[in-house]
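Worksheet for the structure shown next.
The values are calculated or read from the model by the stated rules, or taken from the named source; none is laboratory data. All of these numbers come straight from a predicted model, not from anything done at the bench. Ideal geometry is used to build each Cβ from the backbone, glycine not excepted, and the neighbour counts take in all protein chains shown. Quick note on the areas: whole protein, heavy atoms, side chains included, nothing else; ligands and nucleic acids left out. Shrake-Rupley method; radii C 1.70, N 1.55, O 1.52, S 1.80 Å.
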Amino acid sequence: MIKVIASDMDGTLLNSKIRVDEESVKAIELARSKGLHFVLCTGRMYDDAMGLIHKANLYAPAICMNGAEIRDEHGNILLQHVLDKTLAKKTYKLLTELGMYTEFFTDIGPITVDKARGKKFMVDMHKEMFPNEDAEAIIEQVEERFESKDVHEINDAERIFNNDEIKILKFISFSPDKEVLKKASKALNVSDELSITSSFSNNIEITHREAQKGISLQYYVEKLGVNLSETFAIGDNMNDLSMLKMAGYSVAMGNAEPQVKKTAKYETTTNDEHGVAEAIYQMLKTND
């Protein structure tokens, strides 16, 4: 019997307008009324994730930054997996040498060393990837991203590495060039101290080796007295694979990457077709 529902956000709980639809909220609340526990499993930082779900009047504990941090329903930190600063410095150097745009996800929020370059990089990257999209709309989306996430600017990366009060929990690094992304992943995968994954086709995400959604989900549900075999997990991208492999009931979104669909036991509709709600309703039919 399923006792815990764990949902990814981007491409899953969030539709293409970056919103949680009303049908998904209704399904989650129905599951909760039947005694099931709901937890977010996202690559996003906590404040960013909460800002989005609170707009839908939804509240939940969260496994954030691909498992680098776990927070309870009150926002209290239950666990953090922090990157070693020496290793983080080497990682950042490699990403920079490859010409990628990189942000630090830290305990004080997201940090960039050059906000203007970051905005230009993302605008240019979006134009290259989506040439038919309106240029002004792309600029607005990029500006909104930096403002909504409250991205801090610290011009000298050494200040981040040398400040013991700043904890680095994750890097997210972007490139429109898939060969560059492959090269970065291959180079970083030689370290057994890191976990390398992605949440979209234009990025890679780097965390501590223990900071994976599956590992952190296991930690979280066991604290509740629940086994992973009693856990429902749903996602769409590569950073969801670890939890989909470990959960007893795994679902891929209709818009999921092919490898995600191959890994999950079930498939639902897309994130613009209430896929999370459909999957929850289907699971509840077999769970009674």
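Comparing Cα centroids, segment 16-54 and segment 115-194 end up 25 angstrom apart. The per residue volume of the convex hull around the alpha-carbon atoms of segment 50-98 is 98 Å³. The alpha carbon radius of gyration of segment 1-103, expressed as a multiple of 2.2 N^0.38 Å, is 1.28. With a Förster radius of 35 Å, plug the Cβ-Cβ distance of SER16 and ILE166 into 1/(1 + (r/R0)^6) and report the FRET value to the nearest 0.05. Result of the calculation: an efficiency of 0.55.
A crude spin-label estimate for the pair HIS152 and SER201, with each label 7 Å from Cα along the Cβ direction, gives 3.5 nm.
Among THR86, THR269, the sequence by solvent-accessible area, most first, with a 1.4 Å probe is THR86, THR269. For ILE5, the amide hydrogen comes within under 5 Å of the amide hydrogens of HIS37, PHE38, VAL39, PHE232, counting only partners 5 or more places away or on other chains and with H modelled in the peptide plane.
Over segment 132-217, the pair-distance histogram of Cα-Cα distances with 10 Å bins from zero comes to 13, 33, 39, 13, 1 percent, rounded to whole numbers. Given their separation in residues at 0.36 nm each and the Cα-Cα distance between them, GLN259 and ASP84 gain 59.9 nm when the chain is fully extended.
Solvent-accessible surface of segment 78-124, taken per residue with a 1.4 Å probe and all protein chains present: 44 Å².
Here the 3J(HN,Hα) profile of segment 61-73, calculated from phi with Karplus coefficients 6.51, -1.76 and 1.60 at θ = phi - 60°, is x, 8, 9, 10, 6, 6, x, 6, 8, 10, 10, 7, 5 Hz, Gly and Pro shown as x.
In this Cβ point-charge picture (+1 for Lys and Arg, -1 for Asp and Glu), the chain has a dipole of about 800 debye about its Cα centre. With K and R counted +1 and D and E -1, the other residues having a Cβ less than 11 Å from that of LEU14 yield a net charge of -1. When the solvent-accessible area of the chain is split by element, carbon and sulfur atoms take up 48 percent of it, the probe being 1.4 Å.
Each DSSP beta bridge with both residues in segment 130-288 is either parallel or antiparallel, and the antiparallel ones are about 55%. Here the peptides 138-146, 73-81, 232-240 are ranked by packing, the mean other Cβ count within 10 Å, and the order with the highest first is 232-240, 138-146, 73-81.
Under the convention that each Lys and Arg Cβ holds +1 and each Asp and Glu Cβ holds -1, the size of the dipole of segment 119-247 around its Cα centre is about 580 debye. When the Cα gyration tensor is reduced to axis lengths a ≥ b ≥ c, the ratio a/c is 1.5 or higher for segment 56-180, and with a/b not above b/c it is classed as oblate.
One way to sum up the overall shape of segment 134-288 is the equivalent ellipsoid from its Cα gyration tensor, whose semi-axes run 31, 22, 16 Å, largest first.
The candidates ARG209, ARG159, arranged from most to least accessible area with a 1.4 Å probe in the full protein assembly, appear as ARG159, ARG209. Beta-bridge orientation, the chain: approximately 55 percent antiparallel, per DSSP, counting only bridges with both partners inside.
Charged neighbours of LYS167, selected by a Cβ distance under 13 Å, balance to -3 (K, R count +1; D, E count -1). Dividing the summed helix terms, -39500 (n - 2.57) for each DSSP H run of n ≥ 4, by the number of residues in the chain produces a 222 nm estimate of -12000 deg cm²/dmol to the nearest 500. For ASP124, ASP134, ASP192, ASP21, the ranking by accessible surface with the largest value first comes to ASP192, ASP134, ASP124, ASP21, using a 1.4 Å probe.
Taking all protein chains into account, the per residue accessible area for segment 158-216 stands at 48 Å² (1.4 Å probe). Here each label is just a point 7 Å from Cα along the line to Cβ, and for LEU30 and ALA135 those points are 4.7 nm apart. The GNM of the chain, with springs linking C-alpha atoms under 10 angstrom apart, assigns the highest mean-square fluctuation among GLU103, GLU230, GLU133 to GLU133. The convex hull of the Cα atoms of the chain, projected and averaged over all directions, covers 14.2 nm².
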